[in-house]
Amino acid sequence: MFCYNCGCQINEKDTFCPNCGKNNKLINNIANNTYKSISITGFVFSFLIGIVGLILSLIGYRKSNAENQENYKKLSFAGFLISEITITWQITFISLFLGLYIIANM
Ligand SMILES: [Zn+2]
């Protein structure tokens, strides 16, 4: 990709242009927006796979907190709470089915 300021070719991972030293806006926006995708993904996963939702919600919360994004902090916190509930019933069901399976095969 190219620097938005001087147009010289730069590495996609470079935040600052090695030629002119300008902060690359596009790269910076993508980096600063990761809290959104992580918070939303964490929230969605909190209903499906509790442990994944829990981890993503924690990361999303920390990133949203760093960016001062109150709405995404709330979303991550909700994802965190839902993940806990999901983990609890998933463990309960797994133990229940495992117990029934063992009893049925004794
Ligand atoms: Zn440049």
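Of note:
- Any hit, region 15-30, residues being loosely packed, with under 14 Cβ neighbours inside 10 Å and more than 16 Å from the ligand (Cβ to nearest atom): yes
- Single unsatisfied condition, residue 63 versus (1) loosely packed, with under 14 Cβ neighbours inside 10 Å; (2) at pLDDT below 95; (3) outside the structural domain of residue 16 (by TED's automatic domain parsing): (1)
- Taking the criterion of being more than 12 Å from residue 43 (Cβ to Cβ) and small (Gly, Ala, Ser), the residues of region 65-106 that qualify are 66, 95, 99, 104.
- Flag for residue 35 being at pLDDT 90 or above, of a type in the set (Phe, Trp, Tyr) and touching an Asp or Glu at 6+ places or on another chain (Cβ under 7 Å): yes
The values are calculated or read from the model by the stated rules, or taken from the named source; none is laboratory data. On a predicted model such as this, the values are computed, not experimentally measured, just so you know. With ideal geometry, Cβ positions are generated from the backbone for all residues, glycine too; neighbour counts draw on all protein chains shown.
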